[in-house]
């Protein structure tokens with residue numbers, strides 16, 4: 001049999017701004033009901049923390065209960081390995097995972113490493129983009145016309161986005177519709193497409209002012225146009241706009 005290893009544990013409040021002092025309910029009351037559902041018996045068992053007892057359940061405690069407060073100082077609570085009763089009480093406490101969580105340094109480090117790896121991957125991908133790809137990303141990410149920016153501005157803006165939003169950046173990079181979405185934005189930037197009243201999108205060509213489609217309230221104009229240009233009805237309109245942009 002492998003001997004169980006007892007360790008000290010630290011808990012922290014889940015709030016972003018923790019109070020200087022926070023007292024955790026330690027016994028079951030009408031105001032703060034503390035119950036643990038026992039899967040074996042199918043019963044809700046009242047919890048109560050008393051250091052001079054051998055159990056955290058009221059129905060297993062004797063009459064000589066000495067209550068003591070559980071206080072988080074500056075958002076943290078340190079429990080030594082010698083106080084296994086309190087560690088068990090905290091693991092069963094209904095506030096666990098809501099008002100407080102156990103600090104897991106290994107898990108926190110792994111999550112941070114994953115974020116850093118995403119950031120590195122995004123920055124490398126952003127650094128290798130061609131000028132045309134930088135322009136595409138600028139249209140999609142910022143919704144701006146890249147022709148009014150210098151190459152260094154394009155690089156800086158895309159790199160900054162890759163650093164601050166690495167996951168979103170990589171998701172955009174892997175989107176097979178990236179080029180088409182960029183083209184949709186360029187149609188608006190160049191003025192060959194315009195949005196009129198009530199979300200109506202129209203051609204803005206010398207001999208063609210026809211309506212392309214209507215974007216419903218709250219709809220994503222770029223996304224709906226991208227989907228439309230992939231349809232049988234929208235492909236001729238897309239070819240017309242692409243031809244116009246080349247001329």
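Kindly evaluate residue 141 against the criterion of being over 30 Å from residue 52 (Cα atoms), surrounded by 11 or more Cβ atoms within 10 Å (Cβ to Cβ), within 23 Å of the chain's Cα centre (by Cα) and not assigned by TED's automatic domain parsing to the domain that holds residue 15. Answer is yes for this residue. Please identify the pairs in which a residue from the stretch 206-223 that is in contact (Cβ under 8 Å) with a residue 24 or more places away in the chain has its Cβ atom under 6 Å from the Cβ atom of a residue that is part of a strand (DSSP E or B) and surrounded by 10 or more Cβ atoms within 10 Å (Cβ to Cβ), counting only partners at least 6 apart or on another chain. Listed pairs, sorted by first residue: 212/201. Of the residues screened, residue 151 is one that is under 30 Å from residue 171 (Cβ atoms), free of Cβ contacts under 8 Å to residues at least 24 places away in the same chain and exposed (fewer than 15 other Cβ atoms within 10 Å of the Cβ).
Here the helices (runs of 4 or more DSSP H) wholly within the stretch 151-194 that include at least 3 residues being under 26 Å from residue 230 (Cβ atoms) and in the same structural domain as residue 112 (by TED's automatic domain parsing) are 166-173. Looking across the stretch 74-100, the residues that are loosely packed, with under 14 Cβ neighbours inside 10 Å and within 23 Å of the chain's Cα centre (by Cα) come down to 97, 98. Only residues that are assigned to a helix (DSSP H, G or I) and either without any contact (Cβ under 8 Å) to a residue 24 or more places away in the chain or in contact with a helix residue (DSSP H, G or I) (Cβ under 6 Å, 6 or more places away or on another chain) (or both) were counted in the stretch 83-119, giving 15. Do you know which residues across the stretch 163-189 are crowded, with 16+ Cβ neighbours inside 10 Å and under 11 Å from residue 122 (Cα atoms)? Matches in the stretch 163-189: 165, 166, 169, 170, 172, 173. Could you say whether any residue in the stretch 109-118 is over 20 Å from residue 178 (Cα atoms), surrounded by fewer than 15 Cβ atoms within 10 Å (Cβ to Cβ) and either assigned by TED's automatic domain parsing to the domain that holds residue 226 or over 17 Å from the mean Cα position of the chain (by Cα) (or both)? Within the stretch 109-118, one or more residues are over 20 Å from residue 178 (Cα atoms), surrounded by fewer than 15 Cβ atoms within 10 Å (Cβ to Cβ) and either assigned by TED's automatic domain parsing to the domain that holds residue 226 or over 17 Å from the mean Cα position of the chain (by Cα) (or both).
Go through the stretch 36-66 and give me each residue that's in contact with a strand residue (DSSP E or B) (Cβ under 6 Å, 6 or more places away or on another chain) and exposed (fewer than 14 other Cβ atoms within 10 Å of the Cβ). Result: 37, 38, 44, 66. Can you tell me how many residues within the stretch 2-19 are assigned to a loop (DSSP other than H, G, I, E, B) and surrounded by 12 or more Cβ atoms within 10 Å (Cβ to Cβ)? Within the stretch 2-19, residues that are assigned to a loop (DSSP other than H, G, I, E, B) and surrounded by 12 or more Cβ atoms within 10 Å (Cβ to Cβ) number 4.
The values are calculated or read from the model by the stated rules, or taken from the named source; none is laboratory data. Remember, it's a predicted structure, so these values are computed and weren't measured experimentally. Counting neighbours? That spans all protein chains shown, and the Cβs are built from the backbone with ideal geometry, glycine included.
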